[in-house]
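Notes follow once the structure below has been shown.
Just so it is clear, none of the values below were taken in a lab; they were calculated from the coordinates. Quantities reported herein were computed from a predicted structural model and do not represent experimental measurements. Every residue, glycine as well, gets a Cβ built from its backbone with ideal geometry; the counts of neighbours run over all protein chains shown.
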Amino acid sequence: MTKTYSHHLHQLQAQAEQALARCGFDALVIASGIEKYAFLDDRPYLFAPNPHFKHWLPLVNHPHSWLLIRPGHKPRVVYYQPDDFWHVPPSDPAGEWTELVELVVIGQPDEARAHLQVPGRLAIIGEADAALDGVTPNNPADLLNILHYQRANKTGYELEQMRAASRRAVPAHLAAKAAFLAGASELDIHRAYLAACGHTDRDLPYTNIVALNEHGAVLHYQYQEAQAPAESRALLIDAGAQVNGYASDITRTWSAGDAMFDALLARMEAAQLALVDEVRAGVDYRSIHLSTHAKVAGILQDLGVVKLSVAEQLAQGVTSTFFPHGIGHLIGLQVHDVGGFMADDSGTLSPKPEGHPYLRLTRTLTPGMVVTIEPGLYFIPTLLNKLKATPAAAAVDWNLVAHLSRFGGVRIEDDVVCRADGAPENLTRDAFAAQA
Ligand code: GLY
Ligand code: MN
Ligand code: MN
């Protein structure tokens, strides 16, 4: 990791120096953030670090720490390490990053101030509640636009972390599949997942979606039922892992065996692979989203669910009933990473295609971007009811819809790197292949 991390740090330093100069600032200060407490309670919520902080350092459980970036200086890390007997404090600073920064260890949050107050205009990135007397986050929009725009393109170090995050999640997906085929409950499938990747719920990059049967039709199904259903027909599991603050985001749909649902799964698998292959430098990501709608229409027609041509389905908006979300998003320090709608680094927005309100990424792909490709096809009662009230309802095989509804739906999601030339790197499929 040595060379790639130091290269990463140098690149962030160079980018920050340019951004500071462009925006008229002399230094950049970044707060890691503070723990937040439940109302009228002494229980903290899970700590979520400022992503700008963990961009520079592999430190994710470090509230009250700070970074000071100045042109021509090493980054200064103000490292909070309290003397605490209620909780485990951060361990002594260790790792290669310590050799590449100026390190100051503090025992009280307020001590940070003395190490952050440097002359000149400061850009201070952080949440309002991270403020110290005289160090108040101002989050300059022009500077944030530059940093957010650039963050989409990963350094070699970041790609290493993201490969590792996929490799960490894949054995857990296989354990979840085995638990499903053995008839386990959602809760036990979830436990099998955690055990296999060595995470607890605290470590996950997002709440696992572990959905049996009809629950697969709830896009962000948030429960894990302790009771196994009488019959486990399908599992849709959307679950990732984290390495040094970088996420993976992977969905697999498994079937216990049904001719029609398996035919749907096979077609979705083929469509997903074809969509992954569209991740190329210069491609407008919106076109991949629109291409997904055409593929979903083709599958609905092929399987006889909707007896309308692709063109007719698209003209009547039928596919949005079955595929209501976006084809994917940027991923990295955050599962849904920032900057998905930026046309440039000065804040110009790139609009969503009309009629596609849930698409989270509208940029043109460039080398080093990491995106998800996650087509889905679901049987969502509330959307099907709306479809029933349209003229297209006459072309729908409602008996087939009723049959497939018992499986919830299909989503297949990979994390994919856009490369300068040729085919993309599929972090997820590579990790599955390495397990085979
Ligand atoms: N896991 C949430 C998503 O796929 O976007
Ligand atoms: Mn996703
Ligand atoms: Mn996902």
- Expressed as a whole number of Å, what is the distance separating the alpha-carbon centroids of segment 27-104 and segment 344-403? 38 Å
- Message: I need the chymotrypsin sites (Phe, Trp or Tyr not before Pro) found in segment 281-344, filtered to DSSP loop residues with at most 11 other beta carbons within 10 Å of theirs.
- Response: none
- May I ask for the angle, rounded to the nearest 10°, between helix 186-197 and the longest principal axis of the chain, with both axes built from Cα atoms and the value confined to 0 to 90°? 50 degrees
- Task: Using +1 at the Cβ of each Lys and Arg and -1 at the Cβ of each Asp and Glu in the chain, identify which of 250, 410, 264 lies farthest towards the dipole's positive end.
- Result: 264
- Could you work out how far helix 156-181 tilts from the main Cα principal axis of the chain, as a 0 to 90 degree angle to the nearest 10? 40 degrees
- Task: Rounded to whole Å and sorted largest first, list the principal axis extents of the Cα atoms in segment 1-113.
- Result: 44, 31, 23
- Query: When the Cα atoms of segment 337-410 are enclosed in a convex hull and the volume is divided per residue, what value in Å³ results?
  - Reply: 139 Å³
- Per 10 Å bin, what is the whole-percent P(r) computed from every C-alpha pair distance within segment 187-256? 20, 55, 22, 3, 0
- Task: Obtain the radius of gyration and the Kirkwood radius of segment 245-289 from its C-alpha atoms and give Rg over Rh.
- Result: 1.10
- Query: Which values of log₁₀ I(q)/I(0), to two decimal places, follow from the Debye formula for segment 125-168 at q = 0.18, 0.21, 0.22, 0.31 Å⁻¹ with a uniform point scatterer at every Cα?
  - Reply: -0.72, -0.77, -0.78, -1.00
- Treating the beta-carbon of each Lys and Arg as +1 and of each Asp and Glu as -1, no other charges, what is the dipole magnitude of segment 253-310 about its Cα centre, to the nearest 20 debye? 200 debye
- When the chain is modelled as a GNM with alpha-carbon springs shorter than 10 Å, which of 330, 235, 219 fluctuates the most? 219
- Message: For q values of 0.08, 0.14, 0.16 Å⁻¹, compute log₁₀ I(q)/I(0) with the Debye formula on a Cα-only model of segment 240-397, without solvent.
- Response: -0.26, -0.77, -0.97
- Divide by every residue of the chain the summed helix terms, -39500 (n - 2.57) for each DSSP H run of at least 4, and state the resulting mean residue ellipticity at 222 nm, rounded to the nearest 500 deg cm²/dmol. -11000 deg cm²/dmol
- Item | Under 19 Å from the Cα of residue 307 - aspartates and glutamates, other chains or at least 8 residues apart | 397
- Query: Where the only charges are on Cβ atoms (+1 Lys, Arg; -1 Asp, Glu), what is the dipole of the chain about its Cα centre, to the nearest 20 debye?
  - Reply: 800 debye
- Message: I'd like the per residue volume of the convex hull spanned by the Cα atoms of segment 32-95, given in cubic angstrom.
- Response: 103 Å³
- Here segment 131-138 yields Karplus 3J(HN,Hα) values (6.51, -1.76, 1.60; θ = phi - 60°; whole Hz; Gly and Pro given as x) of 4, 10, 4, x, 10, 10, x, 10
- Out of every Cα pair in segment 103-234, what percent are spaced more than 17 Å from each other? 73 percent
- Note on the structure: Looking only at lysines whose Cα falls under 28 Å of residue 3's and that sit 8 or more positions away or on another chain, we get 54, 74, 154
- Mean-square fluctuation maximum in Gaussian network of the chain, Cα pairs under 10 Å, restricted to 417, 276, 401, hits 401
- Item | Dipole magnitude of segment 93-198 about its Cα centre (Cβ charges: Lys, Arg +1; Asp, Glu -1), debye to nearest 20 | 600 debye
- Query: Any idea what diffusion coefficient the chain gets from Stokes-Einstein, in µm²/s, Kirkwood Rh on alpha carbon pairs, 25 °C, 0.890 mPa s?
  - Reply: 105 µm²/s
- Item | Listed residues 194, 308, 281: farthest to the positive end of the dipole of segment 177-334 (Cβ charges) | 281
- Choice from 295, 388, 352 showing the highest fluctuation, given a GNM over the chain with Cα pairs closer than 10 Å: 388
